[in-house]
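The values are calculated or read from the model by the stated rules, or taken from the named source; none is laboratory data. Note that the structure is predicted; figures quoted are calculated from it, not measured. Because the Cβ atoms are built from the backbone with ideal geometry, glycine has one as well, and the counts that use them run over all protein chains shown.
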Amino acid sequence: MNTSLTQFIYLILLAALYLPVIFFAVQRRDEGHGAATWLVASYALLALVMNVTEAIWLNGETAQNSASSFLELQTYIALSLAAVVLLALQTFLKRETWWVWVALWAFWMLGLALILTNALNLPNVLWTNGDLIFQRSRLGISWSILGWLIFSISLILAIANANREARQQLFRNRLNYWWPAIFLMFANDILLFSSINITGQPIRLLVAAIMAYVISTHHVPDLKQIVRRVLVYLLIAITIVSFYVGGFLLLQAIFANRPNFNPLLAGAFIALLVALFFSPIMALISRSVNKWVKGDQYDASHTIHQYSESISNILEMDRLASVTVGIILEAMQIERGFLFLVDAEREADGHRTYRLRSARTPEERQIISIELDENGVIASYFNREQKPLLQYDLDLLPAMRSAPPVERDWFAQLRAEVYIPIFAKKQWIGLLAFGSKLSGNRYTKDDLTILSSHANQTAIALENARLVDNLMRLNNDLRQTRRALEKNNHDLERIDQAKSDFISIASHELRTPLTVIKGYTEMLLEDTNLDPNFKRVMNGIYDGTLRLHEVMDSMFDIAQIDARSLKPHIQSVELGHLIKEVCIEQSSAIKERSQSAKIELPLLPHVNADPNLLRKLFHHLIRNAIKFTPNNGRIMVTGHHIPGIINLPNGAVEIIVSDTGIGVDPNFREIIFTKFYQPGDLGKHSTSKTRFKGGGAGLGLALSKGIVEAHGGRIYVESPGYDEINFPGSQFHIILPLSKPEEGEERKISAPLKFELLEKLRTAEAR
């Protein structure tokens, strides 16, 4: 096989090796750097074409001018390849100025075309100085080398600036892989420009492979770690070899003249010494290299043990956050750290969000909290994977591109590099976030494992601290609520006191002029010669005066009740006779409403009470029954004797006023006895005191309660509910205690009473 055929096969095989590089780059084009991947593939494809061209060009050709011509072509191609590498770097860094370099490359190629075609009609000799002659034939090569220098220097500056600006150590590590690629490209092209031609330019294959790997691989090995290990192994090898050779030469120089010197024994002795000191030498070299290359040095087991002991009994959230973050920052030499609490909040539609809020210092609490959607890529990742997330992955992984900008911006503002979720009972309860290492090194798998272990230990302590924190916040809310209630109660007491003062003053100040108006009205109505129209007006004034006088009396009584100064004038009262009189007084109202009133009372003992107050009591109760019972409704008054019990040792009399009216809402059974209360929609109430749901001052039931309680009794209401359609009715129960008879005195008993007001009205009408 001749040399040309061997060279041809070599070039074809070298060209074929570019195909896996191109395939690898294109296959992984979706890893976040699509444009850069295509440019690297173009670099490899152009180098492949050059190898095939070289194989065809030089096959069978041995002439020197043919090799020289191809070397010239390689020089021009080097310019384009340098431009492609620069563009690949610009797109890898997502720079917006890539078009500037495309324009510069186009300008340079245009200049090269003008030079090679001599479109400018340049002379053959462009410059001469004595023996130095610069011919036009060298202008193209010089122009290409100048362009190559511009692109190459720009490439170095771009990598240096990007390395300085990079926030993520993982991305900075990827950038560092560009340096060996650039160094190899420089070495290859400098040899080319020096007319030292390497057939097939195999170094370009290595450059293309490195760039394809760096651009298409998200996580690349730590270059510092690789350099560290290479240096350690290299220095160990050099040290061992030097020690062995130096020791052997030393022994030979000392003992060579002695007849019993054995080189094999000397070599074995030196080897034994090397074996004995191998471990200390290796440790010494490793420490020295780690210091030089800035390796991380911390005791993981000691850190975990210290961490576990420090957080085991902490229940305060602030202290737990400070200790949790502080220990890790100090042990692993990290510049910043955060602890966030994760609160799961479920909306009305069942959709769940996660609210992240800072739990450490007041300054960190100024960080705006964020709500993560449970279906979002970030929250889904933490819940599904339950493992650390790198900011580097959040920025570059294709799967994270769909995260909302507000979420991406929130994480970016933390300037953190790694996020470690904290889970307790399969519930996401917290998140640890840590910034860059002070050493500038990346987070290794061991680092992430240690941080995950810290997170697992933090889970129980964090859950306990969250419970205590929630309890403290709840207690604080309760204290604030209690203070607000106390203030409101104080305000209500002042308002109620002011209302009572007003009622008292108004009732006193208005009764006298009302009495005067009433007296003069009565005098005018007694005049038999009064004009009928004027008499009707006077009757209206008189009725209004009576109504107002009644209200003033009620207000006066309410004022006395509020002041606890209502003093009943006690005497023996026959309830049946009193209630019958009250019903008869209300006969006109009952007649107007076509209602019936029935009284059925058994034998009842007399009660010791104030008859005037009891008259007011039953007046208000029966009037209330009339107002809130529809036309043709029924009012019933019943009663019975209650024998002595614990609370009523002398017994009591219970009177029940029943109706077939609108009833009372069970939730309002106590409220109806308060001042100025009116049931239902006040806007629908009648202004008449006898019509259905007629208006009033809202003092009747409040006054009734005050009168009953002034006699030591009790009043309450029973009703199925409030219903203006079906009219369930209500029952007002009045319990009046009996006093113990004086010694030798017999308790008075009233006769049974049956009285129906409707029959009496009909009889009166018939007469």
* Quick one: residue 611 ticks every box in (1) under 16 Å from residue 735 (Cβ atoms); (2) more than 60 Å from the chain's Cα centre (by Cα) except a single one, so which number is it? => (1)
* Any chance residue 590 is of a type in the set (Val, Ile, Thr), at pLDDT 90 or above and under 19 Å from residue 637 (Cβ atoms) -> no
* Structure fact -> Checked pairs for segment 742-753, first closer than 15 Å to residue 578 by Cβ, second surrounded by 11 or more Cβ atoms within 10 Å (Cβ to Cβ) and of a type in the set (Phe, Trp, Tyr), C-beta under 8 Å and 6 or more apart or across chains, list as none
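For every residue, the table says whether it meets (1) surrounded by 14 or more Cβ atoms within 10 Å (Cβ to Cβ); (2) touching a helix residue (DSSP H, G or I) at 6+ places or on another chain (Cβ under 8 Å).
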residue	(1), (2)
187	no, yes
204	yes, yes
223	yes, yes
234	no, no
241	no, no
245	no, no
270	yes, yes
* Check on residue 360, in a loop (DSSP other than H, G, I, E, B) and at pLDDT 85 or above -> no
* Tally the residues that are buried (at least 21 other Cβ atoms within 10 Å of the Cβ) and in contact with a helix residue (DSSP H, G or I) (Cβ under 6 Å, 6 or more places away or on another chain), restricting the search to segment 419-431. => 4
* Any hit, segment 154-169, residues being modelled with pLDDT under 85 and in contact with a strand residue (DSSP E or B) (Cβ under 9 Å, 6 or more places away or on another chain) -> yes
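Results for (1) in contact (Cβ under 8 Å) with a residue 40 or more places away in the chain; (2) more than 14 Å from residue 456 (Cα to Cα); (3) touching a Phe, Trp or Tyr at 6+ places or on another chain (Cβ under 6 Å), shown as yes or no for each residue.
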site	(1), (2), (3)
387	yes, no, no
391	yes, yes, no
397	yes, yes, no
403	no, yes, no
407	no, yes, no
417	yes, yes, no
420	no, no, no
431	yes, no, yes
* In this structure, is residue 477 loosely packed, with under 13 Cβ neighbours inside 10 Å, modelled with pLDDT of 80 or more and under 28 Å from the mean Cα position of the chain (by Cα)? -> yes
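Please count how many residues of segment 624-675 are more than 30 Å from residue 749 (Cα to Cα) and either outside the structural domain of residue 712 (by TED's automatic domain parsing) or touching a residue at least 24 places away in the same chain (Cβ under 8 Å) (or both).
Matching residues across segment 624-675 total 20.
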* Within the group 203, 210, which residue is in contact with a Phe, Trp or Tyr (Cβ under 7 Å, 6 or more places away or on another chain), without any contact (Cβ under 8 Å) to a residue 60 or more places away in the chain, farther than 21 Å from residue 443 by Cα and hydrophobic (A, V, I, L, M, F, W, C)? -> 210
* Could you please let me know if residue 222 is touching a Lys or Arg at 6+ places or on another chain (Cβ under 9 Å) and of a type outside the set (Val, Ile, Thr)? => yes
